[in-house]
Structure formats: structure tokens, C-alpha cells
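Comments concern the structure below.
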Amino acid sequence: MIQAQRRLLAVWICKMLIIAGKLLGKRGSATPGKFALRIAPDILRHLAAQVRQGIIAVCGTNGKTTTNNFIYTLLRAGGYTLVCNRVGANMLYGAVTAFADAAGYGGRLNADFACIEVDELSAVKVFAHFTPNIIVITNLFRDQLDRYGEIDITIESLKRAAAQAGKATLLLNADDPMLAAFGREVRAQGHANIKYFGLRDAPLGQSEPYPQGTSPCSQRGVQPPCCTSIETREGRFCRLCGAELKYDAYYYSQLGRYACPRCGFTRPEPDYTAENITLDGGIAFDLDGTHIAADYRGLYNIYNMLAACAVLWEYDIRAVDINKAFAGYRPQIGRMETFTIGGKQVILNLSKNPAGFNQAIAALRTDTRSKTVVIVINDNDQDGRDVSWLWDVDFERLDNIPDIITSGLRAADMRVRMKYAGNMARILPEIKEAIRAALLCDSDVVYTLVNYTALFYTHDLLEKLSKRRTRFIWK
């Protein structure tokens, strides 16, 4: 009886803190869960046990917020009720907040599914409270060295999480050799339920290296290694024997169709394959005879959409109008989010590591309009103090952008990086002034690429400006 009362109190307190946070303009969704868990340590386990059909956990370096929200969108379109941490609070307290927020004031949960984004290093803590039925892992890239360290640390954490999850189905990206090797290692430890998703014959133009002698660096007399080589690929060496992998097809970062010439390790055949891929005027592909299309940019979004569809296929949910659901999807903050300010389009994108930045650059290169680019780099705790990763980004591919502005706490570091990429970018450390200068440029569109702690401030600024009649009003 006392425990039931504590759970009910935990739900009420969590809900009240969520409301209070919204009234104060706070975006965080972890603090309410922290208090709820202190009041009733078993609240997450109790609520998760009430989910009727399944819990889907989404992990991975890039794309997990978008993939998680795609799953949510598709299941909602199918008429299902859900729990989802849609804003991306992906550690333990964020998961608690999502479940408590979805519960009724009587402390009961009415949900068919829960789709929960989970931070890779937090998965062990989260899975101690519930066992997911499906774990989607989107990719594994180098990210936030201060916190994650090298990829091996993330892989070992995910191995422990997979062991905790027992019979959960692991849905892995076959095109990522790091995940394919992870799948083999986990299978060897006794985890039998492993499936893969991947691409077939994707267009290679976005990520191919410059033809010999045509890159900006070679034209300036700079010798390789530089932008004449393929993008930085953290997983280009075989995890099993250390030999360099050979690629039949290369998509981006270390993703593609690969094989090890020494030990025979090779890309597993996907259970879910995106075929007949096109990137012109949006993105489209076929999956098991179903044609899927959406007005999104970037090859990476095909992986996100494919993984979401694979989850539905796993539950044998086929009646959803997938294209209608994707057409109605609105991206979360900073995922190629579009604003119109004084008649000019501004696109905001979270770019937090080399792989993410390279794909943002690839996407903007497909935009034929004249562009101004604002790059905002902070080094707060959430961003990571170490910004040496900027040198792993292929900024040389911005050679056709005449006006680049660097901003944020590490604007000077970013300007130095652009100098070595062959672009004498302007530096305006104040984000507001950088946006203002970009809006006054004679270009058709402004791309604003930001890392973590610059995201919400920049979003709020752009949203405020988009509600004004002209971009020249500035107070």
C-alpha cells in the first residue's frame, strides 16, 4: 500500500515539475524523472511493465532521435498509443520522465508501445529497469571524446546492455562494420536474435572523394592526406583482425559494402534492404515491394526511415500508410529544421561530430541555391571540451561557399580550421550577430550548423525572427 502511494506521488510530482518547467520556459525533461525516481525507485519498472505490446529502444551515435520519432510517428499513424521521449532526453531520468508523463493521474499507464531513445553509455542503467523487446542501433561513430572516449568503450557498454536485454531482438545497421562486428561478437556470447538493415546500390555521389587533382587542397598545392581522400572513417580497419577493409561501395563515414581481405569478415546480408534509392527532389526507396518517399534531404535519413519501417515489419504491422505518416512528420529541433525570415529560408541542423557534420555538408552541397553557412561551435560540458574533432570534418567540401561565418565560444578555432580548408571565414562570436550578418548576405538560403549547447538558443532566435515581418527588424 505504501509503495503504491509512493508511485502515485512520484507520477504527480513528475507531472507538476513538467508543467512548472514549461511555464518557466525550460526544455529539459530529465529533472522531473530524477525526483520521481527518488520518491519511488521502482517507478520506471512498474510503469514499463504496463506496456502491452512492446518496448523499442533506439541507440546509436547519430540519428537516434530522428529514428525514434519516425517509429513513434508510424505507430501513431497505425492507431497505437505510445510512450516516447520525443525531445531526446535519453538518459535514465529522461526515460522516467517520459513514462510518468504518459501515465494517468491515477498512476496507471495506457500504452500499446513505448519507443525510447537511449544514450549508449546509459543503456546499462536504463535496461536495469525494463527489458526492451527490440533494440535498434543506428551507427557507431566517434563522438564527444571527453565523455565517450574511443568507439571501443561505447561497444563494450552496448555489449553489457545487450546481455542485460536477454532475448531482445537487436536490429543493427549492416552497412556499419563496427556494428556488424558487434553483432558477430554478441552472437558468439549467445545472443541469437540479431537482424540487420542496410542499403543496396545507393547513389554514391554525395560522399565520393574528389577526383584526383580536382580537390580544393590539391589545387592549392597541398599534398594528401587531405580532402583528396575519402571521408574520415573511424571503422575502416577490421575489428576482428586489424586489416584495412576493402569497399565495393562506399556511402559515408565507414558505411558501405565492405569485406576484410585478411580474415574474411564481410558485411552481413540485411534482413531489411532499401533498394532503388533516389535522392533527387527528396528521398525515396523500396522496401519489400513498398515504395517509400519523403521530402527529406540526406542519405542518412534513408537509414533512419528504413530502421523505423523495419520495426513495424518486425511486429508485422503492414496496414500503416507510411508515406502519409512521413509526409506529416515534423522534425525535432535542429534536424534540418526550416525557418523563413524576411523571405529568406534558414535551415538549422545539429552537427555534433565528424560524421554528422560531413553528412550535413553533403546535404547542403546537393542544394543548388546560393548559400551562406553559419557554423556555431561551443565547448561546454554537454558539447565536450575537446574540439580537436573539427580537424576530422571535411570542411574542404565547402569550397563553393563564398560566405562562411564562424560563431560560438570556439569561433576562433573554427575560423582557423576554415582557413586551412581554404576559406577565410568571418568570425562573429555572438550567435545573434552571426545570424544577422548571414541574413543580410546576398544568398538564397542560410544553413546554420550548430553543436549541442548552441542548438536551443539558435532555434529560439530563429523562431522569434521568423514571426517578424522583415529580417531587418533587430532588437
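The values are calculated or read from the model by the stated rules, or taken from the named source; none is laboratory data. Predicted model, so just to flag it, every value in this text is computed and none were measured. Glycine gets a Cβ as well: all are built from the backbone with ideal geometry, and neighbour counts include every protein chain shown.
Points to keep in mind about this one:
- Leading residue by the ranking (surrounded by the most Cβ atoms within 10 Å (Cβ to Cβ)) among those in region 32-86 that are among the small types (G, A, S) and either in contact with a Lys or Arg (Cβ under 8 Å, 6 or more places away or on another chain) or without any contact (Cβ under 8 Å) to a residue 12 or more places away in the chain (or both): A40
- Residues located in region 312-333, provided they are touching a residue at least 40 places away in the same chain (Cβ under 8 Å) and either among the polar types (S, T, N, Q) or out of contact with any Ser or Thr (no Cβ under 8 Å at 6 or more places or on another chain) (or both): L312, W313, Y315, I317, A319, V320, D321, K324, Q332, I333
- Wholly enclosed strands (runs of 3 or more DSSP E) of region 238-298 bearing at least 2 residues farther than 30 Å from V320 by Cα and out of contact with any helix residue (DSSP H, G or I) (no Cβ under 8 Å at 6 or more places or on another chain): 246-252, 255-259
- Within region 87-101, being of a type outside the set (S, T, Y) and in contact (Cβ under 8 Å) with a residue 40 or more places away in the chain holds for V87, G88, A89, M91, L92, G94, A95, V96, A98, F99, A100, D101.
- D286 assigned by TED's automatic domain parsing to the domain that holds F237, of a type in the set (D, E), out of contact with any Pro (no Cβ under 6 Å at 6 or more places or on another chain) and modelled with pLDDT under 95: no
- Scanning region 426-447 for residues that are under 12 Å from K344 (Cβ atoms) and not in a helix (DSSP H, G or I) yields a count of 8.
- Evaluated against (1) buried (at least 19 other Cβ atoms within 10 Å of the Cβ); (2) part of a loop (DSSP other than H, G, I, E, B); (3) more than 26 Å from the chain's Cα centre (by Cα), R7 falls short on exactly one condition, (2).
- The strands (runs of 3 or more DSSP E) found entirely in region 109-193 that carry 2 or more residues being in contact with a strand residue (DSSP E or B) (Cβ under 9 Å, 6 or more places away or on another chain) and either among the acidic types (D, E) or more than 24 Å from P270 (Cβ to Cβ) (or both) are 113-117.
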